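What follows is one structure encoded as structure tokens, with my remarks underneath.
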Amino acid sequence: MSETDKKLVLTLSCPDQPGIVHAVSGLVGEAGGNILQSAQFGDPDTGLFFMRVSMDVPAVEPVKTRVEALADDFKMNWNLDEIGRPLRTVIMVSKEGHCLSDLLYRVRDNALPIDVKAVVGNHPDLAPIATFYQVPFILVPVTKDNKPEAEQRLLDLVEAEKVELVVLARYMQILSDKLCGRMSGRIINIHHSFLPSFKGAKPYAQAHDRGVKLIGATAHYVTADLDEGPIIEQDVARVDHTLTVAAMQKQGQDVERRVLAQAVKWHAEHRVLMDGNRTVIFH
């Protein structure tokens, strides 16, 4: 392969039927390419087939043209992108900075393939963190009276910056159904609870009251149903009766950081595919 070759990743989902893998492999060969990695999954519950293929090809357009033709034949939903291309991203925050700091550090360390165009906060508290990492901070206060206008500012930013991903890094506001629908599958939230347990704003207090032995965090896509979007990643930490709510929360923040960063990384690498209320993740 020459230095002008492109490394691409193709993801697709479609009704399961014989011949899909053969057809996809064939189109890569017809385009003069080489498959670097391939993973697939057929869901017997939904009857859907999922596939992720990374490839080395001489040019993008011959692959794209062949995928378009194949998509018509197999009724595919698909996406084709360059491997490693950073997704244009906005991070939204309120007052807690542990997730924001972690994400921006990983971006600077080339550990997350995202390009953070702005940090949007409904409070000014975390502006210094954005400034430290040389990312624009945009203050958009949210009240019950101005919420539609605040969300429109976000949508204007998404359009102006061609934003592909919005990350809610402990952004303590509920997004409207309109916004969730417009950016379906492109908003990732971190919830400080091992969903579906302990929904809402104070899950650590709820967990403490119940005397749980495990606490956790859940990264999921945002939908109109609060804290019920398709789950991308979860993790837990063991706790015991000696911990106060504050100590439990401190321990939980470490889990939140890890879980959110992992979910963002998998999404940006095109490893996550929607399967109804669930996700298929190709590691």
Q. Dipole of segment 87-281 (Lys/Arg Cβ +1, Asp/Glu Cβ -1, origin at the Cα centre): which of Ala217, Gly181, Ile281 lies farthest to the positive side?
A. Ala217
Q. Hey, what did segment 6-82 get for relative contact order, percent, Cα under 8 Å, at least 6 apart?
A. 48 percent
Q: Using only alpha carbon pairs under 8 Å that are at least six residues apart, calculate the relative contact order of segment 15-60 and give it in whole percent.
A: 41 percent
Q: Could you list Leu80, Leu8 in order of exposure, starting from the residue whose Cβ has the fewest other Cβ atoms within 10 Å?
A: Leu80, Leu8
Q) Using the 10 angstrom Cβ neighbour count as an exposure proxy, how do Ser101, Ser25 rank, fewest first? A) Ser25, Ser101
Q | Degrees between helix 147-160 axis and first principal axis of the chain (Cα, 0 to 90, nearest 10) | A | 40 degrees
Q) Gain in length, Asp109 to Gln17, computed as 0.36 nm per residue apart minus the alpha-carbon separation, to one decimal in nm? A) 28.9 nm
Q) Taking only Cα atoms, what is the 0 to 90° angle, nearest 10, from helix 60-74's long axis to the longest principal axis of the chain? A) 90 degrees
**Q.** Nearby lysines by direct alpha-carbon distance to Lys147 (threshold 26 angstrom, same-chain neighbours under 8 apart not counted)
**A.** Lys95, Lys117, Lys162, Lys178, Lys199, Lys202
Q. If you take the charge dipole of the chain about its Cα centre, with +1 on Lys and Arg Cβ and -1 on Asp and Glu Cβ, which of Val67, Leu80, His123 is farthest toward its positive end?
A. His123
Q) By how many degrees, 0 to 90 and rounded to 10, does the Cα axis of helix 98-108 deviate from the longest principal axis of the chain? A) 40 degrees
Q) Whole number please: convex hull volume per residue of the Cα set in segment 160-283, in Å³? A) 108 Å³
**Q.** Of every Cα-Cα pair in the chain, the percent that sits beyond 35 Å
**A.** 24 percent
Q | Inter-label distance for Leu36 and Glu149, nm, one decimal - labels placed 7 Å from Cα along Cα-to-Cβ | A | 4.8 nm
**Q.** the chain: relative contact order in percent, alpha carbon pairs under 8 Å with at least 6 residues between
**A.** 16 percent
Q) For the chain, with only Lys/Arg (+1) and Asp/Glu (-1) charged at the beta-carbon, what is the dipole magnitude about the Cα centre, in debye rounded to 20? A) 760 debye
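Computed from the coordinates by the stated procedures, all read-outs in this text should not be read as laboratory data. In this text, all values refer to a predicted model and were calculated from it rather than measured experimentally. Positions of Cβ are generated from backbone atoms using ideal geometry, with glycine treated the same way; all protein chains shown enter the neighbour counts.
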